[in-house]
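Presented below is the structure to which this report refers.
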Amino acid sequence: MKLTLVAQDPNSAPQNSPTLYQTDRGSWVIQGYVVNDPEALSTVKLPAGETLVEIPDYMIPLFNNPQP
């Protein structure tokens, strides 16, 4: 799978989270903060090999408007 950097949180230092990547498979990879909150995790059913990641709301528009 090839990852193409789309956007990084402008409020984070270089090489830090959150970051959005587009794949060559027509999907997205999101680098973010792992959700460890027991209350949040109790509301979803996660299959083996999956996790939840958190990104700030203001990054959502960056999916369609990549940073230069």
Ordering of 33-42, 4-13 by packing [mean C-beta count within 10 Å, highest first]: 4-13, 33-42
With springs connecting C-alpha atoms under 10 Å apart, model the chain as a Gaussian network and identify which of 19, 43, 51 has the largest mean-square fluctuation. 43
Output the relative contact order of the chain, whole-number percent, from Cα pairs under 8 angstrom with separation of 6+ residues. 31
Could you work out [θ]222 nm for the chain from helices alone, using -39500 (n - 2.57) per DSSP H run of at least four and dividing by all its residues? Round to the nearest 500 deg cm²/dmol. -1000 deg cm²/dmol
Candidates for P(r) over Cα pairs in 10 Å bins from 0, in percent are (1) 18, 46, 30, 5; (2) 23, 65, 12; (3) 23, 56, 20, 1, and the calculated one carries label (1)
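Only the coordinates and a few stated rules stand behind these numbers; no lab work does. Fair warning: this is a prediction, and the values are worked out from it, not measured in the lab. Here the Cβ is made from the backbone with ideal geometry for all residues, glycine too, and neighbour counts use every protein chain on show.
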